[in-house]
Each structure stands twice: as structure tokens, then as C-alpha cells.
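Starting off with a structure, shown below.
Readers should treat all values here as calculations from the given coordinates under stated rules, not as data from a laboratory. All of these numbers come straight from a predicted model, not from anything done at the bench. Virtual Cβ from ideal backbone geometry, glycine too; neighbours counted across all protein chains shown.
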Amino acid sequence: MESAINIAKWFVNRAAQDAEAMRGEYMTNLKLQKLLYYAQGMYSARYGSFLFEDDIINLQYGPVIPNVLNEYSKYRGSSIEEKYPDIIDDEYVIFMLELVYKKFGQFSASKLVQKTHREPPWKNTKRNEVISKESIQDYFISKYEQPNADTLRGLEEANKRIEEMRNNPNLGYSSVEELMRALNED
């Protein structure tokens, strides 16, 4: 199990890659909170276990992980322009984070706030209370684990390439991130 802080650092790095390549913008604390919520939900729905132990709280602007909120509070609404060493090495975690980033990272923080406000885990939890991990998992299983043909093809292709990378180090992929870039180019 990862820590929410390490997952947050991964998302900050990923947004910085897009910003530097002029394909996106740097991460904000508000958007980061929503991506962590979606990562927890998508991962738990897919793998049946939780990505991180940290509690997610119902606050005014949607689901929030308090220690991550505090870690980046100095940025307020500004961009988080930090770089971190790669600290997540689990290929399945990276794969899921990449999927979450592609699916939800395209939206603004305010759009993600609106989206989370319509979802039962946040709606059915009182303000300032912990949103149960089980309610998040149940919702994401019902909402997102109904795979469509494109999702299945993408998962099959990614799993095939990960297996090829494991079995043949001469394929030219030095890391899972490099593999993910190759997948995105296809």
C-alpha cells in the first residue's frame, strides 16, 4: 500500500511533465485532492484493495486528504511547481495512476469539484466526516468497473507490453513511464 503523499507526488510530477511539454498545466492542491480521490476509487474497484490508508474527508470543495492538503497548503490556489524523485515502482499502481490522470486530469479543479459533489460518497457523508473507503469502493465498482471494449483493449495492450518489458529487457523501455509514453503514442 502506498501513502497518499507519495501518490500526490506522482501526480505533481506527471502534471509537470505535461506542463513542460506544453500539453497541460501544473497541478494545484484542489485538483490534486480530487485526483487522489479518483485514484483511491478506481484502484479499489479494479484491484479490490485500497491504494492508500489515509482518510478522505468531506469538505466544502469535495473529498480531501488532510495531510496532503496541509503538505501543499503553502500554494493555496497556485500551481505546485515541484519535482520529486520517482518513488513509486509498482507497475500496477503506476498504470492505474496513469489511467486516472488521463481520464480525470484533463478537467479543471472546479469541474472536478462539481463532479465529486454529484457522487454518492461525498453526497452521503456529512461535512467534516470521513468518507468511508467502502462507500468509495462500492461507488467506483458500480460506476467505472463496467468495462467497455476500448478500455479492455487498452488494458490488454498495456498488460501485454508490461509483460514483454519484463521478459525482454532489450525492448528499449527503461522504465514503466517510458512504456506508458510509448502506449500513448500508439
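In whole percent, what relative contact order does region 4-145 give with Cα contacts below 8 Å and a gap of six or more residues?
35 percent
Also, I was wondering about something else. Distance in nm between label sites at SER73 and TYR61, each 7 Å beyond Cα in the beta-carbon direction?
Each label point is offset 7 Å from its Cα along the Cβ direction, giving 1.4 nm.
Determine the alpha carbon to alpha carbon distance for each of LYS31/LYS111; LYS111/LYS143; LYS9/LYS123; LYS115/LYS143; LYS83/LYS111; LYS103/LYS126 and list only those over 21 Å.
Pairs exceeding 21 Å: LYS9/LYS123; LYS83/LYS111; LYS103/LYS126.
Using 7 Å Cα-to-Cβ label points, what is the ASP89/LYS103 separation (nm, one decimal)?
In this crude label model, ASP89 to LYS103 measures out at 2.8 nm.
Amide H of GLY24: which non-local residues (sequence gap of 5 or more, or other chain) have their own amide H closer than 5 Å, using H built in the peptide plane?
Sorted by chain and number, the residues that satisfy this are ALA19.
Per residue of region 94-99, in order, report the coupling 6.51 cos²θ - 1.76 cosθ + 1.60 (Karplus, θ = phi - 60°) as ³J(HN,Hα) in whole Hz, putting x for Gly and Pro.
After applying 6.51 cos²θ - 1.76 cosθ + 1.60, I find 4, 4, 5, 4, 5, 4 Hz.
Residue by residue through region 29-40, which ³J(HN,Hα) values in whole Hz follow from phi under the Karplus form 6.51 cos²θ - 1.76 cosθ + 1.60 (θ = phi - 60°), with glycine and proline marked x?
4, 4, 5, 4, 4, 5, 5, 5, 4, 5, 5, 4
While we're on this one: Applying the Karplus parametrisation 6.51 cos²θ - 1.76 cosθ + 1.60 with θ = phi - 60° to the phi angles of region 41-56, what ³J(HN,Hα) value in whole Hz is obtained for each residue in order, glycine and proline being reported as x?
x, 5, 5, 5, 5, 6, 10, x, 9, 8, 5, 9, 7, 3, 6, 10
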